[in-house]
Amino acid sequence: MSPTYHELVYAVVRLVPRGRVTTYGAIAGFLGLGASRMVGWALNQLTWGSGIPAHRVVNRKGELSGRHHFSSPTLMQELLETEGVLVADDCVQDLKNLFWNPSLELGDDWEYAPTSLNLV
């Protein structure tokens with residue numbers, strides 16, 4: 001059975017390394033299955049404790065646009081800061097150097113593997 005869009009999004013987000021961030025658009029572009037809003041919607045469906053590091057996904061400007069979907073509006077920033085990501089005014093600082101691009105990092109050879117986890 002083919003994975004769902006949500007499963008594909010979650011599989012990619014699990015691979016974002018600690019201390020790095022990616023964007024909704026980068027994930028959508030990599031998967032080729034829709035718009036960045038669909039990635040955000042998929043991440044919004046997560047429950048706390050899922051093990052999927054949704055805090056590592058920001059908008060194209062580096063803004064913590066998903067912060068209001070966490071249990072507190074500061075939790076996303078707090079989680080990023082524990083990984084060494086500097087955040088000011090709800091925006092990731094030095095996005096250019098911290099950006100993890102799944103298209104470059106995973107490439108064309110990536111295949112969905114539900115058991116390949118990158119632990120938070």
Task: Gly40 of a type outside the set (A, V, I, L, M, F, W, C), in contact with a helix residue (DSSP H, G or I) (Cβ under 7 Å, 6 or more places away or on another chain), on the phi > 0 side of the Ramachandran plot and touching a residue at least 24 places away in the same chain (Cβ under 8 Å) - done: no
- [ ] Please find, within the range 59-86, the residue that is nearest to the chain's Cα centre (by Cα) out of those that are among the β-branched types (Val, Ile, Thr) and closer than 15 Å to Arg18 by Cβ.
- [x] Val85
- [ ] For Gly51, work out the one condition from (1) exposed (fewer than 15 other Cβ atoms within 10 Å of the Cβ); (2) without any contact (Cβ under 8 Å) to a residue 40 or more places away in the chain it doesn't fulfil.
- [x] (2)
Task: Options Glu83, Glu63: the member that is at pLDDT 95 or above and farther than 23 Å from Ser2 by Cβ - done: Glu83
- [ ] Could you check Arg56 against (1) at pLDDT 95 or above; (2) under 17 Å from Leu31 (Cβ atoms); (3) exposed (fewer than 14 other Cβ atoms within 10 Å of the Cβ) and say which number it fails?
- [x] (3)
Open item on the list: I'm trying to understand the selection: among the residues of the range 37-90, which are closer than 18 Å to Pro102 by Cβ and in contact with a Ser or Thr (Cβ under 7 Å, 6 or more places away or on another chain)?
Closed with: Arg56, Val57, Val58, Asn59, Arg60
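The values are calculated or read from the model by the stated rules, or taken from the named source; none is laboratory data. None of these values were measured; they are calculated from a predicted model. Cβ: placed from backbone, ideal geometry, glycine included. Neighbour counts: every protein chain shown.
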